[in-house]
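Chemist: First the structure, which I've put down as structure tokens, then a few questions once you've had a look.
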Amino acid sequence: MSKQINLPHDDSSCGWYAALSQQPACKRLHGEQRADYVVIGAGFAGLAAARRLGELMPDKRIILVDAQRVAQGASGRNSGFVIDLPHKFALEHPDPAHKQRLLSLNRAAIAQLQGLIERHGIDCQWSHAGKYQGAVGQRGLAYLAHFEQLLKNLGETFRLVERDELAQVLGNTYYSRAIFTPGCYLMQPAALVTGLAHSLPENVELLEESPITRLQRKGQGGWLLQGSQGTIRTAQLLLGTSIFTQEFGYLRNRLLPVMTFASWTRPLNDTELAAYGGQLDWGLTPADHAGTTVRMTQDRRLIIRNTYKHVPKYGKSTSDAMRESVRDDHRRAFLARFPQLADVPFSHTWGGVYAISRNFTNFFGELEPGVFASACDNGVGAAWGTISGTLLAEMAVGGDSAQLRDIQTVTGMPSLNPPEPFLGLGVRSRIRLAAWNSRSEL
Ligand SMILES: Cc1cc2nc3c(=O)[nH]c(=O)nc-3n(C[C@H](O)[C@H](O)[C@H](O)COP(=O)(O)OP(=O)(O)OC[C@H]3O[C@@H](n4cnc5c(N)ncnc54)[C@H](O)[C@@H]3O)c2cc1C
């Protein structure tokens, strides 16, 4: 395969990234390189794959390469929930064993991240805060009742929290009820992924700001990866490139590029914190998935995330006008919840691209001899990317384990999309319809 590809194009207004201290200079791809393994993409999936390869193959040279700085992609710009319970689509799977496998894979990822954070002293607001799933109106309450039943069927621990008790945590009476599940962790995503990148095994070389613009198969000799200032030759290639996997010619017409957006405030001062009246360090996702995610960070910032866009050209499908209109929507959602903080401005608004599939199936495995990928996590990639990247490395070196067999059982082939223009029309109208139906939850 030899083809020019579209590259990531993330905005430079991500609050999490702006809050990091000055990042050290990065190393870029220069000259002709050779590596035993190359991992493309340094998000959760690629970082985990490169780390595991480094551990399993201490004498091999491993290159991890990203088009951007670590944390500038989706893994550094998400809402910071490391979720054990997958979204409702996965929880609705008819086979209870399937759901238990998903849960234990996600929990293994959380344990792995916790271990790495402790071992390497990664300062990323990591917290075992659990998660609220919140309902505002009747629609949200119906979703919540369904979620409650799914949790009961699974035998999972949860707690119903009513408006008055919620208000003491959230600083608002906007939500009528929530389900609290204890297994979720919260973190500062840009701090976590940069911390992971700076603690990779010694035989893993990280190259940033080095977009791979062409992949060429070189007979039995493996692959030649082309960058703007250099090349890498390798026998084994692992793709942690999420939606961009399709740019390399794989899973074409099976992934949907979706962007969602977040805004946050500057840290509240003492007076504002008193007016807010809630606690620090909580996270709430909407009972109806088309609603609004809200977080209060440990460092006193409130975050609002909502709105989905179909972005066939990734970041290039957005504009300043689109971001301003999203910011206005975020502001409305913020003021509906925190009218007492009307004078607190947002300091950042940003978007990020990820992959979903029409059948909500994640891809994991070998695409062709010597090329492996974990792509399409349907928007919950912090835990999933971590465990799927780890197991992808084990697969690439010919390993076998119960977890590897489990992940192969719960993943599959994302279904084919209809051709354009029907795809774009269909996705845009579904997003609009969901936003309209869920307006009470926004
Ligand atoms: C606003 C927002 C909120 C979210 N909230 C959550 C949340 O709370 N919890 C959660 O679990 N998930 C959340 N998600 C989803 C989550 O961020 C993603 O699912 C996850 O980051 C995917 O990880 P990944 O490693 O597979 O891919 P990515 O993080 O997308 O990494 C892919 C990497 O590949 C690189 N790349 C692509 N093409 C090339 C190329 N040609 N050459 C070199 N490098 C290339 C990119 O630069 C990128 O760094 C959210 C997403 C967004 C946008």
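The values are calculated or read from the model by the stated rules, or taken from the named source; none is laboratory data. Note that the coordinates shown come from a computational prediction; the quantities given were computed from them, not determined experimentally. All Cβ positions, even for glycine, are placed from backbone atoms using ideal geometry, and neighbour counts span all protein chains on display. Just the protein is used for accessible areas: all its heavy atoms, side chains included, with ligands, DNA and RNA removed. Shrake-Rupley method; radii C 1.70, N 1.55, O 1.52, S 1.80 Å.
To keep it simple, each residue is scored yes or no on (1) charged (D, E, K, R); (2) surrounded by fewer than 17 Cβ atoms within 10 Å (Cβ to Cβ); (3) more than 26 Å from Ala191 (Cβ to Cβ); (4) within 11 Å of the ligand (Cβ to nearest atom).
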| residue | (1), (2), (3), (4) |
| --- | --- |
| Ala287 | no, no, yes, no |
| Ala290 | no, no, yes, no |
| Thr297 | no, no, no, no |
| Ile304 | no, no, no, yes |
| Ser317 | no, yes, yes, no |
| Asp320 | yes, yes, yes, no |
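Chemist: Looking at Ala274, Ala235, which one is open to solvent by 10 Å² or more (accessible area, probe 1.4 Å) and without any contact (Cβ under 8 Å) to a residue 12 or more places away in the chain?
Modeler: Selected residue: Ala274, the only one of Ala274, Ala235 that is open to solvent by 10 Å² or more (accessible area, probe 1.4 Å) and without any contact (Cβ under 8 Å) to a residue 12 or more places away in the chain.
Chemist: While we're here: Would you be able to tell me the number of residues in the stretch 247-262 that are within 7 Å of the ligand (Cβ to nearest atom) and under 16 Å from Phe363 (Cβ atoms)?
Modeler: 1
Chemist: Could you list, in sequence order, all residues of the stretch 322-373 that are surrounded by 17 or more Cβ atoms within 10 Å (Cβ to Cβ), of a type in the set (S, T, N, Q) and within 13 Å of Trp264 (Cβ to Cβ)?
Modeler: Thr349 - this is the single residue of the stretch 322-373 that is surrounded by 17 or more Cβ atoms within 10 Å (Cβ to Cβ), of a type in the set (S, T, N, Q) and within 13 Å of Trp264 (Cβ to Cβ).
Chemist: Among (1) more than 30 Å from Val294 (Cβ to Cβ); (2) touching a residue at least 60 places away in the same chain (Cβ under 8 Å); (3) out of contact with any Asp or Glu (no Cβ under 9 Å at 6 or more places or on another chain), which single condition is Ile83 missing?
Modeler: Result: Ile83 fails condition (1) only.
Chemist: Do we have Thr241 as near the ligand (Cβ under 10 Å from one of its atoms), touching an Asp or Glu at 6+ places or on another chain (Cβ under 8 Å) and of a type in the set (S, T, N, Q) here?
Modeler: Answer is yes for this residue.
Chemist: Given the conditions (1) within 30 Å of Gly219 (Cβ to Cβ); (2) touching a residue at least 12 places away in the same chain (Cβ under 8 Å); (3) open to solvent by 30 Å² or more (accessible area, probe 1.4 Å), and given that Asp400 satisfies all but one, which numbered condition is not satisfied?
Modeler: For Asp400, the exception is condition (2).
Chemist: Here is a follow-up. Could you grab me the full set of residues in the stretch 298-309 that are part of a loop (DSSP other than H, G, I, E, B) and closer than 19 Å to Arg327 by Cα?
Modeler: Answer for the stretch 298-309, where residues must be part of a loop (DSSP other than H, G, I, E, B) and closer than 19 Å to Arg327 by Cα: just Arg301.
Chemist: May I ask you to verify whether Glu165 is of a type outside the set (Lys, Arg) and open to solvent by 50 Å² or more (accessible area, probe 1.4 Å)?
Modeler: Considered against the rule, which asks whether it is of a type outside the set (Lys, Arg) and open to solvent by 50 Å² or more (accessible area, probe 1.4 Å), Glu165 comes out as yes.
Chemist: Okay, moving on. Considering only residues that are crowded, with 24+ Cβ neighbours inside 10 Å and either in contact with a Gly (Cβ under 7 Å, 6 or more places away or on another chain) or polar (S, T, N, Q) (or both), which ones fall in the stretch 54-69?
Modeler: Answer for the stretch 54-69, where residues must be crowded, with 24+ Cβ neighbours inside 10 Å and either in contact with a Gly (Cβ under 7 Å, 6 or more places away or on another chain) or polar (S, T, N, Q) (or both): Ile62, Leu64, Asp66.
Chemist: Considering only residues that are not acidic (Asp, Glu) and not in a strand (DSSP E or B), look in the stretch 259-271 and name the one that is surrounded by the fewest Cβ atoms within 10 Å (Cβ to Cβ).
Modeler: Ranking the candidates gives Thr271 first.
Chemist: Name the single residue that is modelled with the lowest pLDDT among those in the stretch 1-40 being over 28 Å from Gly80 (Cβ atoms), open to solvent by 30 Å² or more (accessible area, probe 1.4 Å) and among the small types (Gly, Ala, Ser).
Modeler: Ser2
Chemist: Name every residue in the stretch 135-157 that is without any contact (Cβ under 8 Å) to a residue 24 or more places away in the chain and not small (Gly, Ala, Ser), in order of residue number.
Modeler: Gln149, Lys152
Chemist: So Thr231 passes all but one of these: (1) in a strand (DSSP E or B); (2) under 25 Å from the mean Cα position of the chain (by Cα). Which condition number does it fail?
Modeler: Unmet for Thr231, out of (1) in a strand (DSSP E or B); (2) under 25 Å from the mean Cα position of the chain (by Cα): (2).
Chemist: Consider Leu251 carefully, then state whether it is in contact with a strand residue (DSSP E or B) (Cβ under 7 Å, 6 or more places away or on another chain) and touching a residue at least 12 places away in the same chain (Cβ under 8 Å).
Modeler: Spelling it out, Leu251 is indeed in contact with a strand residue (DSSP E or B) (Cβ under 7 Å, 6 or more places away or on another chain) and touching a residue at least 12 places away in the same chain (Cβ under 8 Å).
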